[in-house]
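Beneath this line is the structure, given in structure tokens, with notes to follow.
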Amino acid sequence: MATTPKSVSAHSRRHFLGLAATATGTAAAATLLPPSLLDAVARGRPAGSLRDVEHVVVLMQENRSFDHYFGTLRGVRGFADNSAKPGVFDQDGVRPFLARDAANRGDLSVEYLASLPHSWPDGHQALNEGHCDGWVGAKGTATMAAYDRRDIAFQFALAETFTVCDGYFSSCPTSTSPNRNFLFSGASGFEPSGTRAVGNDAYESTHPGYTWKTYAESLHEAGVDWRVYQEWDNYTDNNLDFFATFRTLGRAAVEAAGERGGDLTGFYEDLLEASDVDEQRQRAQRVHDGAARIGGGLTDLYRRGLYRGEPGSLVSRFRRDVESDELPTVSWIVASSADSEHPSASSPIQSSTLTYRLLDALASNPRVWAKTAVLLTFDEFDGYFDHVVPPLPPEGEPDEWWDGKPMGLGFRVPMTIISPWTVGGRVSSEVFDHTSVVRLLERVTGVDCPNISKWRRRVCGDLLSAFDFGRSDGLRLPARPGPVPSFEKRWEAKPGGSHPVQETERAVALPTPYRLSAVVVDGVLHLRNDGSRPAVFGVFYDGRVEHHTVRGRRRVQLASITDHVVVTGPDRFLCDLRFPRNGSSADVTLDHTSRRIRVDGRDVTATAVTDGWYEVSLTGPAGRQYYTGRLENGRPTATSPLRAD
């Protein structure tokens, strides 16, 4: 969706009212998991392997950050994160607050928060080279507004029933189109003008289309079945539309039909303005017929990637394919504006209705459910705050820098993996981004994507660690009903109320591929990662920030005046160290295999470690030293019991 928010079309408003009425008539479906899904979860599954995953369904929604949605969810790296970069929860004197407690809410529905700035310049202003302290200046005070369980019960129910990823980042700290480029192709390359594709330029009707290959084309060439499910209104969220092969094909179909609009985006925008439904259907059919006359493989590309069904047909077409066991190997779901969850055109509860119906369709055929994984994520974070320092590439890393700034990773967004192999309310903290979706598809289909940068392949996982292919006896869960609010207007929340309180219950924490430590010896910072995947350490000292991608060991020479350094990393790793200039921090030894800690030769495991999570606070001549993280031995554990100060 474009940086400048679009208004909701008349059709979209009509469509939403119908969905809301349906939800109300079925005991508020938007806040319940479908009975068919609960039954599927209760049935359990036999032991299996990756070969049992025959279908992957990708539903990428719009513009929500992780803290904005799940900062209060139990077990995740949220508002109670004791490993947060010091001071990050205080943005120019504004702290996170619950949207429902906003000073200006009154009787307004908490569902209909407004969209905030979300482009390349303000994204990097919020990021501030990794300091993550520019949110309010870039986005306004409303950036700190957050939801809790009362507001988005359906999303919480999915996250605590299946597996939520609290180390999943958007691919780029900017708007929709670049992030969806990463999803559909593994990269966001260059505009025809030669500038990097970090904005929504492709939405312009004169744009000729990007020339690098999409992953859909790679699947097509390999004979793998795939499809995009979308409607006339797709909110410009099918980025295949903006690649040269598909854009040329769409224009040819419009021209063959004798229609106006130039490209498919323009045609459907014009179509949705028409008031006569029969006329709309006839015009849409003429374009479909025009594509059919092109013939050959191009017609098949159109059918799979560009065909748009009439309003309200997306779920019924998806259900039909599930019922007949004809679901493609790879399905991309592209929602209408009203169903997109975008805070300028949709809402969490509107999107919940779509997600509910899709999951109900899938789970209603146990044979198809048993071999399908659904990836529910978001393209970018809009303007809403997230506190975790994103992994950033070394300066000058090929394919990962533009105009003196890193391409990514962007800030965290929610990712919930819904499948028979991800049941149990588990938390995965491995680093992922949108290219991780492509890499999971590579594992499932055997088809490579040539566009993913070497750095991202090193740093970001392929989502497979979130799956458990062992036997499951099933899980029975309750459902919670709730009301569907009516729409009045969108509003920007003004700070009010107290800091959100994260739930204290714990969940299952899945293993991560990191074994991290950091220590200062004689003015040199020693970074160490004995894990199987490189980790990005953020290093903060003397007002500067550096990002080091490390597997093995890395030495960082500190300045002679340095007496304080903060080191952040994945999986809740934090060292906040004060030491004499040119001196050393405490001798803290982490034994990940045995989950034991020694401080200056003394074993402190009994008082410092709980379920593999450690917290060590020491006071010396130079001040406090603080260490926290996980002793990773490759086994699941409970999520961190440690709370922020």
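The values are calculated or read from the model by the stated rules, or taken from the named source; none is laboratory data. Keep in mind that what you see is a predicted model, and the values were worked out from it rather than measured. Glycine gets a Cβ as well: all are built from the backbone with ideal geometry, and neighbour counts include every protein chain shown.
What number goes with the only condition from (1) in contact with a Pro (Cβ under 9 Å, 6 or more places away or on another chain); (2) within 27 Å of ARG456 (Cβ to Cβ); (3) of a type outside the set (S, T, N, Q); (4) surrounded by 24 or more Cβ atoms within 10 Å (Cβ to Cβ) that PRO178 does not pass?
Of the numbered conditions (1) in contact with a Pro (Cβ under 9 Å, 6 or more places away or on another chain); (2) within 27 Å of ARG456 (Cβ to Cβ); (3) of a type outside the set (S, T, N, Q); (4) surrounded by 24 or more Cβ atoms within 10 Å (Cβ to Cβ), the odd one out for PRO178 is (1).
Restricting the search to the stretch 76-104, which residues are in contact with a Lys or Arg (Cβ under 8 Å, 6 or more places away or on another chain), within 21 Å of PRO391 (Cβ to Cβ) and of a type in the set (A, V, I, L, M, F, W, C)?
Answer for the stretch 76-104, where residues must be in contact with a Lys or Arg (Cβ under 8 Å, 6 or more places away or on another chain), within 21 Å of PRO391 (Cβ to Cβ) and of a type in the set (A, V, I, L, M, F, W, C): just PHE89.
Please work out which residue is surrounded by the most Cβ atoms within 10 Å (Cβ to Cβ), limiting yourself to the stretch 587-600 and to residues that are in contact (Cβ under 8 Å) with a residue 40 or more places away in the chain, in a loop (DSSP other than H, G, I, E, B) and not β-branched (Val, Ile, Thr).
HIS592
Find all pairs meeting these conditions: Cβ atoms under 9 angstrom apart; at least six residues apart or on different chains; first residue within the stretch 290-306 and more than 13 Å from THR245 (Cα to Cα); second residue among the aliphatic types (A, V, I, L, M) and exposed (fewer than 15 other Cβ atoms within 10 Å of the Cβ).
ARG303/ALA292
Name the pairs whose Cβ atoms lie under 7 Å apart, with the first residue in the stretch 537-553 and of a type outside the set (Lys, Arg), the second surrounded by fewer than 12 Cβ atoms within 10 Å (Cβ to Cβ), and 6 or more positions between them or separate chains?
If the second residue must be surrounded by fewer than 12 Cβ atoms within 10 Å (Cβ to Cβ), the pairs left are ASP542/ILE561.
Restricting to the stretch 135-156, name every residue that is assigned to a helix (DSSP H, G or I) and not hydrophobic (A, V, I, L, M, F, W, C).
Of everything in the stretch 135-156, those that are assigned to a helix (DSSP H, G or I) and not hydrophobic (A, V, I, L, M, F, W, C) turn out to be GLY137, LYS139, THR141, THR143, GLN155.
How many residues does the stretch 181-219 contain that are crowded, with 20+ Cβ neighbours inside 10 Å, over 20 Å from GLU380 (Cβ atoms) and in contact with an Asp or Glu (Cβ under 9 Å, 6 or more places away or on another chain)?
2
So in the stretch 483-498, with the set limited to residues that are on the phi < 0 side of the Ramachandran plot and at pLDDT below 90, which one is surrounded by the fewest Cβ atoms within 10 Å (Cβ to Cβ)?
LYS489
Tally time: how many residues in the stretch 430-451 are surrounded by fewer than 24 Cβ atoms within 10 Å (Cβ to Cβ) and not in a helix (DSSP H, G or I)?
So the count comes out to 6.
Taking the stretch 308-337 on its own, how many of its residues are touching a residue at least 12 places away in the same chain (Cβ under 8 Å) and either part of a loop (DSSP other than H, G, I, E, B) or hydrophobic (A, V, I, L, M, F, W, C) (or both)?
19
Does the stretch 390-428 hold any residues that are within 18 Å of LEU73 (Cα to Cα), surrounded by fewer than 24 Cβ atoms within 10 Å (Cβ to Cβ) and in contact with a Pro (Cβ under 8 Å, 6 or more places away or on another chain), and which are they?
ARG426
Hey, ALA257 hits all of (1) surrounded by fewer than 22 Cβ atoms within 10 Å (Cβ to Cβ); (2) more than 20 Å from GLY295 (Cβ to Cβ) but one; which does it fall short on?
(2)
Only residues that are over 30 Å from PRO96 (Cα atoms) and surrounded by fewer than 23 Cβ atoms within 10 Å (Cβ to Cβ): list them for the stretch 56-75, please.
Answer for the stretch 56-75, where residues must be over 30 Å from PRO96 (Cα atoms) and surrounded by fewer than 23 Cβ atoms within 10 Å (Cβ to Cβ): just VAL58.
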